[in-house]
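For reference, the structure is listed below as structure tokens.
The values are calculated or read from the model by the stated rules, or taken from the named source; none is laboratory data. Bear in mind the structure is a predicted one, so any value in this text is a computation, not a measurement. Cβ sites come from the backbone with ideal geometry, for glycine too, and all protein chains shown count toward neighbours.
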Amino acid sequence: MEQVYLGLGSNVGDRAATLEKALLALGARGLEVGARSSLYLTEPMDAPPQEWFVNAVAGGRTALAPEDLLKACQDVEREMGRVRVVFRGPRTLDLDILLYGSLVRDRPGLSIPHPRLQERRFVLVPLDEIAPAVVHPVLGLTVHELLLRCPDGAEVRPYVPDARPS
């Protein structure tokens, strides 16, 4: 069993409920969800105008190979209504493998650790909440150190249902 961390995001429909359903669906596919971050309201980055995201990170253990975990994530995205029409456009559900143990892999369609993890506050803030001491296998820095050095200025705040960004 490998320790993995997944990023979850949604900015269409009932965003918080979508993330909860996604975790249940991943559990049925072989991910034993352990630690879960709080939910965060996050500003879309490098994207066309759209609603803010609700993001979270989940840590867990799995016997799935990295490619099988990716397939499980993509299957859950499709089942939850994700259609890839506009690049970086609105999405019902976005699931990303952030870390898979200490594995380093860069193949077409699957890069582990996630290649932009260290550049994204919407990933680092929730990951720091549940795994601040985990070390990035390429950069050799802890999640907390990555967050402190993150150049991203996008807003990340605790999610409050029915609240709108100001």
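This table checks each residue for (1) closer than 27 Å to Val12 by Cβ; (2) aromatic (Phe, Trp, Tyr); (3) not in a strand (DSSP E or B).
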site: Leu70; (1), (2), (3): yes, no, yes
site: Asp75; (1), (2), (3): yes, no, yes
site: Arg82; (1), (2), (3): yes, no, yes
site: Leu99; (1), (2), (3): yes, no, no
site: Pro126; (1), (2), (3): yes, no, yes
site: Leu139; (1), (2), (3): no, no, yes
site: His144; (1), (2), (3): no, no, yes
site: Leu148; (1), (2), (3): no, no, yes
site: Pro151; (1), (2), (3): no, no, yes
Notebook entry, point to check: Which condition does Arg88 not pass, out of (1) at pLDDT 95 or above; (2) under 15 Å from the mean Cα position of the chain (by Cα), if it passes all the others?
Noted result: (1)
Next item on the list: Can you confirm whether the range 45-60 contains a residue that is among the small types (Gly, Ala, Ser), closer than 23 Å to Cys150 by Cα and modelled with pLDDT under 95?
Entry: yes
Margin query: Give all pairs with beta carbons closer than 7 Å in which a residue from the range 46-73 that is under 16 Å from Val123 (Cβ atoms) meets a residue that is part of a helix (DSSP H, G or I) and of a type in the set (Gly, Ala, Ser); count only pairs at least 6 apart in sequence or on separate chains.
Written below: Val54/Ala16
Notebook entry, point to check: What residue, among those in the range 132-160 that are of a type in the set (Asp, Glu) and crowded, with 16+ Cβ neighbours inside 10 Å, is nearest to Phe122 (Cα to Cα)?
Noted result: Asp152
Item checked: Test: Leu117 is surrounded by 15 or more Cβ atoms within 10 Å (Cβ to Cβ) and either acidic (Asp, Glu) or within 15 Å of the chain's Cα centre (by Cα) (or both) -> yes
Next item on the list: Go through the range 102-114 residue by residue and tally those that are within 12 Å of the chain's Cα centre (by Cα) and either in a helix (DSSP H, G or I) or polar (S, T, N, Q) (or both).
Entry: 0
Margin query: Give all pairs with beta carbons closer than 8 Å in which a residue from the range 148-166 that is modelled with pLDDT of 95 or more meets a residue that is basic (Lys, Arg); count only pairs at least 6 apart in sequence or on separate chains.
Written below: Cys150/Arg120; Cys150/Arg121; Val156/Arg121
Next item on the list: Just need a number here: residues in the range 22-50 that are assigned to a helix (DSSP H, G or I) and surrounded by 15 or more Cβ atoms within 10 Å (Cβ to Cβ).
Entry: 4
Check: Do any residues in the range 90-104 that are touching a residue at least 40 places away in the same chain (Cβ under 8 Å) and among the β-branched types (Val, Ile, Thr) have Cβ atoms under 8 Å from those of residues that are surrounded by fewer than 21 Cβ atoms within 10 Å (Cβ to Cβ) and not in a loop (DSSP other than H, G, I, E, B), where the two are at least six apart or on different chains, and which pairs are they?
Finding: Thr92/Glu77; Ile97/Pro66; Ile97/Leu70; Ile97/Leu110
Check: If you scan the range 13-22, which residues turn out to be under 13 Å from the mean Cα position of the chain (by Cα) and under 9 Å from Val76 (Cβ atoms)?
Finding: Ala22
